[in-house]
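A.B. asks: Just dropping this structure here.
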Amino acid sequence: MDDNRHMRETAHASLFHWLKREDCEPVNLSVGLWQVSRVHAVLKDGRAAMKYALECISISNDAALPAFYRGYACEAAARAAKVMKDSDAAAQYLTEAQRCLAEVEGDDAAALQADLDEIAAF
């Protein structure tokens, strides 16, 4: 199996694992959906990346997860929009992620900021 396929299938398997667990919480789904979205973005599959990013946003908002998770959900959507060359959508999601970032502290804030800067640069 090539590396890209392995990466994609591993991310999906991880999400599937959480979906089957009785102790699955919205935070687990948020992280799993973000991860699958990120893998699809890395693989330049913008449509799939956006599908999982939007589901991540929905889960994160509906469960009122902390700003870190909501920010990364928007980061995923911004990255997917960039892959799809939709500058307007990317800018909207980056703005929302920046709003969330204002509520995040420490190393978590630095990590999110670095990812947002990376998206803004490409």
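The values are calculated or read from the model by the stated rules, or taken from the named source; none is laboratory data. Predicted, not measured: the structure shown is a model, and the values here were computed from it. Here the Cβ is made from the backbone with ideal geometry for all residues, glycine too, and neighbour counts use every protein chain on show.
A.B. asks: Can you find, within the range 44-79, the residue that is farthest from L94 (Cα to Cα) among those that are of a type in the set (A, V, I, L, M) and in contact with a Lys or Arg (Cβ under 8 Å, 6 or more places away or on another chain)?
C.D. replies: The extreme case among them is A49.
A.B. asks: Could you tell me whether C24 is buried (at least 17 other Cβ atoms within 10 Å of the Cβ), hydrophobic (A, V, I, L, M, F, W, C) and either out of contact with any Phe, Trp or Tyr (no Cβ under 6 Å at 6 or more places or on another chain) or not in a helix (DSSP H, G or I) (or both)?
C.D. replies: Details: buried (at least 17 other Cβ atoms within 10 Å of the Cβ): no; hydrophobic (A, V, I, L, M, F, W, C): yes; either out of contact with any Phe, Trp or Tyr (no Cβ under 6 Å at 6 or more places or on another chain) or not in a helix (DSSP H, G or I) (or both): yes.
Judged against the criteria, C24 is not a match.
A.B. asks: Could I ask something else about it? Here are S30, S58: which of them is free of Cβ contacts under 8 Å to residues at least 12 places away in the same chain and hydroxyl-bearing (S, T, Y)?
C.D. replies: S58
A.B. asks: Does any residue of the range 30-45 turn out to be under 25 Å from K85 (Cβ atoms), basic (K, R), assigned to a helix (DSSP H, G or I) and under 14 Å from the mean Cα position of the chain (by Cα)?
C.D. replies: Yes.
A.B. asks: Same structure again: Only one of (1) closer than 22 Å to L29 by Cα; (2) assigned to a helix (DSSP H, G or I); (3) of a type outside the set (V, I, T) fails for A110. Which number is that?
C.D. replies: (1)
A.B. asks: Considering only residues that are over 9 Å from the mean Cα position of the chain (by Cα) and of a type outside the set (S, T, N, Q), look in the range 51-61 and name the one that is nearest to N28 (Cα to Cα).
C.D. replies: Filtering the range 51-61 for residues that are over 9 Å from the mean Cα position of the chain (by Cα) and of a type outside the set (S, T, N, Q), the one nearest to N28 (Cα to Cα) comes out as I59.
A.B. asks: Let me ask you something else. Filter the range 100-122 down to the residues that are among the charged types (D, E, K, R) and either touching a Cys at 6+ places or on another chain (Cβ under 7 Å) or free of Cβ contacts under 8 Å to residues at least 24 places away in the same chain (or both), then identify the one that is surrounded by the most Cβ atoms within 10 Å (Cβ to Cβ).
C.D. replies: That would be E118.
A.B. asks: Six or more apart or on different chains, Cβ under 6 Å: which pairs go from a residue in the range 65-84 that's under 14 Å from P26 (Cα atoms) to one that's assigned to a loop (DSSP other than H, G, I, E, B)? Could you list them?
C.D. replies: A67/E103; A67/V104; F68/V104
A.B. asks: Which of the numbered conditions does A64 fail, given that it passes all the others? Conditions: (1) over 9 Å from the mean Cα position of the chain (by Cα); (2) of a type in the set (A, V, I, L, M); (3) within 16 Å of I119 (Cα to Cα).
C.D. replies: (3)
A.B. asks: For the range 58-80, name all the residues that are hydrophobic (A, V, I, L, M, F, W, C) and either under 15 Å from Q98 (Cβ atoms) or not in a helix (DSSP H, G or I) (or both).
C.D. replies: Of the range 58-80, the ones hydrophobic (A, V, I, L, M, F, W, C) are 59, 63-65, 67-68, 73-74, 76-78, 80.
Answer for the range 58-80, where residues must be hydrophobic (A, V, I, L, M, F, W, C) and either under 15 Å from Q98 (Cβ atoms) or not in a helix (DSSP H, G or I) (or both): A63, A64, L65, A67, F68, A73, C74, A76, A77, A78.
A.B. asks: I've got another one for you. Consider only pairs whose beta carbons are under 7 Å apart and that are at least six residues apart or on different chains; among these, list those whose first residue lies in the range 4-22 and is more than 14 Å from A49 (Cα to Cα) and whose second residue is at pLDDT below 95 and surrounded by 11 or more Cβ atoms within 10 Å (Cβ to Cβ).
C.D. replies: Taking only residues 6 or more apart or on different chains, not a single pair turns up.
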